[in-house]
Amino acid sequence: MRDDQKKLDSLKKRYGRAVAAPRGPMGPGGPGGPGRRRAAMANKGTPKNSRETVRRLLGYLNEDKGKMVLALFCVMVNTVASLAGSYMLRPIINRYIVPADGSRGDAAGLARALILMAAIYGIGVAANYAQARVMLTVAQNALQKIRNDLFSRMQTLPVRFYDTNSNGDLMSRFTNDVDTVGQMLSNTLVQLFSGALSIVGTLGLMIYTNVYLTVVTLVMVPLMMKAGGAVARRSQKYFSAQQTSLGAVNGYVEETITGQKVVKVFCHEETAMEEFGLLNRDLRDNQIRAQFFGGIMGPIMGNLSQINYSLTACIGGLLCVWKNFDVGGLTVFLNFSRHFSRPINEISMQVSNVFSALAGAERVFAVMDQEPEEPDREDAAVLDPMKGHVVLDHVTFGYRPGKTILKDISLYAKPGQKIAFVGSTGAGKTTITNLLNRFYDIQSGTISIDGVDIRKLNRNHLRQNIAMVLQDTHLFTGTVRENIRYGRLDATDEEVIQAAKTASAHSFIMRLPQGYDTMLEGDGANLSQGQRQLLNIARAAVSRAPILVLDEATSSVDTRTEKHIEHGMDRLMADRTTFVIAHRLSTVRNANAIMVLEQGEVIERGDHEELLEMKGRYFELYTGLKELD
């Protein structure tokens, strides 16, 4: 049991957490390091600032203030109609059913009174329907704005954020957490207002009907409130834990499904099922606790309401005998006692929904509060056209303070040149390309393009002029044509086809069922890994970017396919500054310069022939005397 708890704590720390300030991408080694998406702190549970969270949620209702006023007016009409209809029982009983003077009842008068009562209740029903429709619109408008704000903020967050947070946990904020907020906005707010109004109105009519019985009812109120508060405090904690556990389960499921092939290759199914079982049981336990404390609120308040009803009935009967209290008044008061207890009960029941929604809202706002990428300078430059003369001058960088990844790197690349990076895993090759795109900013030194420090360039302009083909392919749901055009949205069909030919993808595309109009789904699941990579290369080709980054771009294609695309890649790189990261050293032999990196330092540089003559690290790697670590 202790080992299971330790494993569960470890899993929740990795998968279920509040978004925290990032510590560096994918662990201590940066991209490719062992700690991918594990750096954020664990969620400790309860909302830290419920008042601020409520204020921010209400801010999303500002644009619909008119509709809110209309909805609240409808609530008032419904409440008044309900109370008025209930109070009509007193004159109906006293005048038409059991007249105080002992005469026979009046059937005609009773019919007229019942018709009037039905009309009053009909007005209440219509008002209740109207407020439900209005509040549904208000709630959905607010949710639309929340989702827009959340998605918009995520588009502005730096790559560092996505490197340190689970995709599944972020998806949980978009779905489960936002849904709980929607339930509160559409139902809970109205019920809280309606309940409070009903309590005030009912109390006034109770005092008007009989002061003594009102005192009896009010004696029970502190007991009901104390019981409700005790349950609410416990449920708040468990509803927060439930949301965290749900995020952990979603994060684990997302990662396991994405890596299902790896799970099967290494026969990790049993371990995956065991770990999921721990997270699932933890979610079940937290849900049971949360739903239990949220669910017992009703029975507790209902039982206290029954006690109150019984005491009121007994004392009211005695008042009818000893104080000539009318039967109609007793009937109405008993009805009011239920009216009085019901909103208290409903408000208490809604407390669990409020805490669940606040916990979800706080998780959503935690993402919204993340610092976006540093904005461009007001005088950010735009190079038109950008030629692609790249210079790194004494660049030093680390993802975390005290952990240096690149040490005093200097190099230059002229337009049309091909610069290759080779070296052991973790040597800093990919980090250089991340710095070139300004996914991260350097600590010292400068990186310049065409003589301009990239920190002085408009960030979007910079990235539009750098095309990247990564080892991990990603295709969007859409046609082949749309996926290639993603590199430049204004590209014509002819340019798309030419880019595919450049990447040697045209022939296999034409063999697809609908050619360039073939729909791709599930990240291109109906294509081979090599074909997906060819489409990524075609996407880079259509971009017309003067700088090209190939990060193990051909690692997913077979040797024959690689030979086919080499000619196309040569055409693609002819007028572009190209940076190539490769473990297959045969792919970098024609590079103008090869940088050999180890421990974040350039230990050798030169072209293929020069490095072989040195008989150093590159010679060892190329001849196979020493393999890449």
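The values are calculated or read from the model by the stated rules, or taken from the named source; none is laboratory data. What you see is a predicted model, and the numbers here were worked out from it, not measured in a lab. Note that each Cβ is placed from the backbone with ideal geometry, even for glycine, and that neighbours are counted across all protein chains shown. Accessible surface is based on the protein model in full, side chains and every heavy atom, while ligands, DNA and RNA are left aside. Shrake-Rupley method; radii C 1.70, N 1.55, O 1.52, S 1.80 Å.
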Which count do you get for residues in the range 161-180 that are farther than 17 Å from Phe365 by Cβ, open to solvent by less than 40 Å² (accessible area, probe 1.4 Å) and part of a helix (DSSP H, G or I)?
2
When you scan the range 158-169, do you find a residue that is without any contact (Cβ under 8 Å) to a residue 60 or more places away in the chain and of a type outside the set (Ser, Thr, Tyr), even just one?
no
Subset of the range 310-324 [under 13 Å from Val216 (Cα atoms), surrounded by 13 or more Cβ atoms within 10 Å (Cβ to Cβ) and not polar (S, T, N, Q)]:
Leu311, Ala313, Ile315, Gly316, Leu319
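Which one is modelled with the highest pLDDT, of the residues in the range 551-579 that are in a strand (DSSP E or B) and in contact with a Ser or Thr (Cβ under 7 Å, 6 or more places away or on another chain)?
Filtering the range 551-579 down to residues in a strand (DSSP E or B) leaves 551, 577-579.
Next, only the ones that are in contact with a Ser or Thr (Cβ under 7 Å, 6 or more places away or on another chain) stay: 551, 579.
On the way: Asp551: 82, Phe579: 90.
The extreme case among them is Phe579.
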In the range 522-537, which residue that is in a helix (DSSP H, G or I) and in contact (Cβ under 8 Å) with a residue 40 or more places away in the chain is most open to solvent (accessible area, probe 1.4 Å)?
Gln529
Evaluate the range 201-211: report whether one residue or more is in a loop (DSSP other than H, G, I, E, B) and surrounded by 15 or more Cβ atoms within 10 Å (Cβ to Cβ).
yes
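Please specify each residue of the range 422-440 satisfying the condition of being of a type outside the set (Val, Ile, Thr) and part of a loop (DSSP other than H, G, I, E, B).
Taking the range 422-440 first, the residues of a type outside the set (Val, Ile, Thr) are 423-424, 426-429, 434-440.
Within the range 422-440, Ser424, Gly426, Ala427, Gly428, Asn437, Arg438, Phe439, Tyr440 qualify.
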Checking the structure you have, find out if any residue of the range 44-63 is among the small types (Gly, Ala, Ser) and either at pLDDT below 80 or in contact with a strand residue (DSSP E or B) (Cβ under 7 Å, 6 or more places away or on another chain) (or both).
yes
When you check Leu358 against the structure, is it in contact with a Leu (Cβ under 9 Å, 6 or more places away or on another chain) and closer than 30 Å to Leu435 by Cα, yes or no?
no
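Would the range 182-190 turn up any residue that is open to solvent by 30 Å² or more (accessible area, probe 1.4 Å), closer than 29 Å to Ile344 by Cα and either hydrophobic (A, V, I, L, M, F, W, C) or under 13 Å from the mean Cα position of the chain (by Cα) (or both)?
Narrowing the range 182-190 to residues open to solvent by 30 Å² or more (accessible area, probe 1.4 Å): 183, 187, 189.
Still in the list and also closer than 29 Å to Ile344 by Cα: 183, 187, 189.
Now narrow it down to the ones that are either hydrophobic (A, V, I, L, M, F, W, C) or under 13 Å from the mean Cα position of the chain (by Cα) (or both): 189.
Yes: one or more hits.
Looking only at the range 412-429, count every residue that is crowded, with 20+ Cβ neighbours inside 10 Å and within 37 Å of the chain's Cα centre (by Cα) and tell me the total.
Final tally of qualifying residues: 5.
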Could you say whether any residue in the range 132-152 is assigned to a helix (DSSP H, G or I), under 41 Å from the mean Cα position of the chain (by Cα) and over 30 Å from Gln242 (Cβ atoms)?
yes
Tell me the residue from Val332, Val262 that is in a helix (DSSP H, G or I), more than 30 Å from Ala359 (Cβ to Cβ) and open to solvent by 80 Å² or more (accessible area, probe 1.4 Å), please.
Val262
Residues that are open to solvent by 90 Å² or more (accessible area, probe 1.4 Å) and within 15 Å of Gln533 (Cα to Cα), drawn from the range 483-508
Tyr486, Lys501
Restricting to the range 583-594, give me the number of residues that are within 16 Å of Ser424 (Cα to Cα) and open to solvent by less than 10 Å² (accessible area, probe 1.4 Å).
2
